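Worksheet: one structure, shown below.
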Amino acid sequence: MAGIENKSRWRIAGVLLLLSGILILAVLAIRPAWHSKQQPRSIATTRPAVDTEREQLLLAQAIQRVLLALIVLVLIFTFAGLAWLRWSRRFRVWLFREPHPPTPADDVWAMYRLPEEPEDTDENDAT
């Protein structure tokens, strides 16, 4: 995406992420209706039919758990990728920054000098 401003990149990434989420949700919403309209296939090509409503409910809940886990994994990988990109860009800026100017070394030891002693006078000796 050379030649695109950084703000525009974030907008494009956000829109693509939003559209992909909407697409996933649309597929998940349409899929049950699509399967109910299909004609039953021959017994040889399909798995055994579920006998009771309880088994159907358990199967549906298992499928929902798997889909939820997949969505969570996709979100984790998305945010981890965004964090990696942000970190790598900042690291690259830090890596190629200009060096700091040298520290002035005129009088480096000034803070370690002892204070000057007052001159010895007769008044100091008298006390």
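Miscellaneous remarks
- VAL74 vs. criteria within 28 Å of LEU28 (Cα to Cα), assigned to a helix (DSSP H, G or I) and aliphatic (A, V, I, L, M): yes
- Sub-9 Å Cβ pairs linking a first residue in segment 59-87 that is free of Cβ contacts under 8 Å to residues at least 24 places away in the same chain to a second residue that is outside any helix (DSSP H, G or I) and surrounded by 10 or more Cβ atoms within 10 Å (Cβ to Cβ), at least 6 apart or interchain, are LEU59/VAL50, ordered by first then second residue.
- Residue-level analysis places ILE63 among those that are surrounded by 11 or more Cβ atoms within 10 Å (Cβ to Cβ) and either modelled with pLDDT of 85 or more or charged (D, E, K, R) (or both).
- Filtered residues of segment 77-97 (kept if closer than 30 Å to ALA29 by Cβ and among the aromatic types (Phe, Trp, Tyr)): PHE77, PHE79
- Condition check for GLU53: exposed (fewer than 10 other Cβ atoms within 10 Å of the Cβ), charged (D, E, K, R) and within 18 Å of PRO32 (Cβ to Cβ): yes
The values are calculated or read from the model by the stated rules, or taken from the named source; none is laboratory data. Predicted model, so just to flag it, every value in this text is computed and none were measured. Quick reminder, even Gly has a Cβ in these numbers, built from the backbone with ideal geometry, and neighbours come from all protein chains shown.
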